[in-house]
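I have placed the structure first, in the form of structure tokens, so that the comments after it can refer back to it.
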Amino acid sequence: MKVLEISSITVEDTVIYYRRNYTALAKIEFLSQQADVKIAFTIEIDPLGRKSITLSYPCGTNFDYPVMPVTQSIKDKVLSLDNEGSLPL
């Protein structure tokens, strides 16, 4: 399983300055097939500067792979994009 890319990233407005809400489309490769999965994620920064990522899938989303490895891989990719400065503000 591999996260190929996260695209169509849109930021949602929020009044809390230490939280950023996004929706996006994740392209994931499972064994020999690819799937596009809609995701919503929040990046929250605590007082010490650590980033916490919360990820959710829309109702009815299912894919033929265990959810925990997919979720962790997407979180790692999101954190990488944020550290590179590739996410919209």
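The values are calculated or read from the model by the stated rules, or taken from the named source; none is laboratory data. Since the structure is predicted, the reported quantities are computational estimates derived from the model, not experimental observations. Protein only, heavy atoms only, side chains kept; ligands, DNA and RNA dropped before computing areas. Shrake-Rupley method; radii C 1.70, N 1.55, O 1.52, S 1.80 Å.
Some observations on this one:
- With respect to the chain, whose longest principal axis is taken over its alpha-carbon atoms, helix 67-84 is tilted by about 50°.
- Heavy-atom accessible surface of the chain: percent carbon and sulfur, 1.4 Å: 51 percent
- Accessible area of the chain divided out per residue, in Å², using a probe of 1.4 angstrom: 66 Å²
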